Structure formats: C-alpha cells, structure tokens
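Participant: This is the structure I have questions about; it appears just below.
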Amino acid sequence: MDMSSMMPRRPYLLRAFYEWIVDNELTPHLVVDATMNGVRVPEEFIQDGQIVLNVAPHSVGNLEMGNEAVTFNARFGGRPHSLILPLYAIQAIYARENGAGTMFEPEEAYELTGEEGIFEEDKLTSETASLSDDGPEPQRPTGRPSLRVVK
C-alpha cells in the first residue's frame, strides 16, 4: 500500500502527543490556522491568522479528538464557545511549560483540490449541533436551593 492511499497521520500523532503532554502533567496548547474553512473559534482572539488554544483537560469540556476534527467547549472572556478545529487547520501541539511537542508537516490527504477534501463540513456541523450555544436560556428554578450532605 502506498502512502497516498493511507489514512492521514495527523489525528493519531495529535492524540499521542496530547496524551504524552497530559501524562507528564504539562499544559497542551494547539496552534491553529484560523483562516482555513471550517474553523470555528472566537474571532477576537485570532492574531496574525492563528490562534493558540489551551486544551488541558481542566480547561475544556467535551473534548473530542476525531479523525477529521477536534471539537470542544471553552470559555473566552467568561463567555462559553463551541470550537471546531478541522485537523487540516491544526499546525502544532506543544506543552506551554517547556515547548515540547511537534509541528505537523503538510499531508497529501489534507491538500484540498477544488471543492473536494476529506473534511465534510456539513457532517461535522450536524455532529456538533448539540454543542451550539445559540438556543434560548433554560428557565431558572424557583424557590430556595437545597443541598444534602451524603456520607
């Protein structure tokens, strides 16, 4: 089997480096090209077309590192956001404390030709529809809050 017919390496390397960084009790950060199609990040935090994101387990919610995209929920300036990072837009992963990590080299599988590409934005959008924070606010419960101590 030749390299062009194999699946991309990036999702596997990304998950491996993420696990290695977290296992060493360091803080994983992703460098993302925010100018690429399909990237959903808070625009006010983009600098020079890139955004650096802290993806430590205690910093994000519902983190999913799939073969096509990384999705998670995070707060920016106190506001919740649902982020979508197609794998082709992720340029690097590194530990904040010491810079250990890797930059990803271009892969044939991520080179978009015309309108075709491996990233299916419609599919990803439907999968992450539950992450959307566009819906109405749920009603707040009335009455006094109550907690019980369970031993």
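Participant: Can you give the local net charge around S4? Use residues other than it whose beta-carbon is closer than 14 angstrom to its beta-carbon, Lys and Arg +1, Asp and Glu -1.
Facilitator: -3
Participant: Starting at the first residue of the stretch 90-99, write each ³J(HN,Hα) from the Karplus equation 6.51 cos²θ - 1.76 cosθ + 1.60 with θ = phi - 60°, in whole Hz, x for Gly and Pro.
Facilitator: After applying 6.51 cos²θ - 1.76 cosθ + 1.60, I find 7, 9, 6, 9, 8, 8, 4, 5, 9, x Hz.
Participant: With each pseudo-label sitting 7 Å past Cα toward Cβ, what's the A92-L63 distance in nm, one decimal?
Facilitator: Taking the two extended label points, one gets 1.9 nm.
Participant: Same structure, new question: So what's the net charge close to T27: Lys and Arg +1, Asp and Glu -1, counting the other residues with Cβ under 14 Å from its Cβ?
Facilitator: Every neighbour counted, the sum reads -3.
Participant: Among V52, V31, rank each residue by its count of other Cβ atoms within 10 Å, from fewest to most, as a rough exposure measure.
Facilitator: Ordered from fewest to most neighbouring Cβ atoms within 10 Å, V52, V31 come out as V52, V31.
Only the coordinates and a few stated rules stand behind these numbers; no lab work does. Computed from a predicted structure; not experimentally measured. Cβ atoms come from the backbone with ideal geometry, glycine included; neighbour counts cover every protein chain shown.
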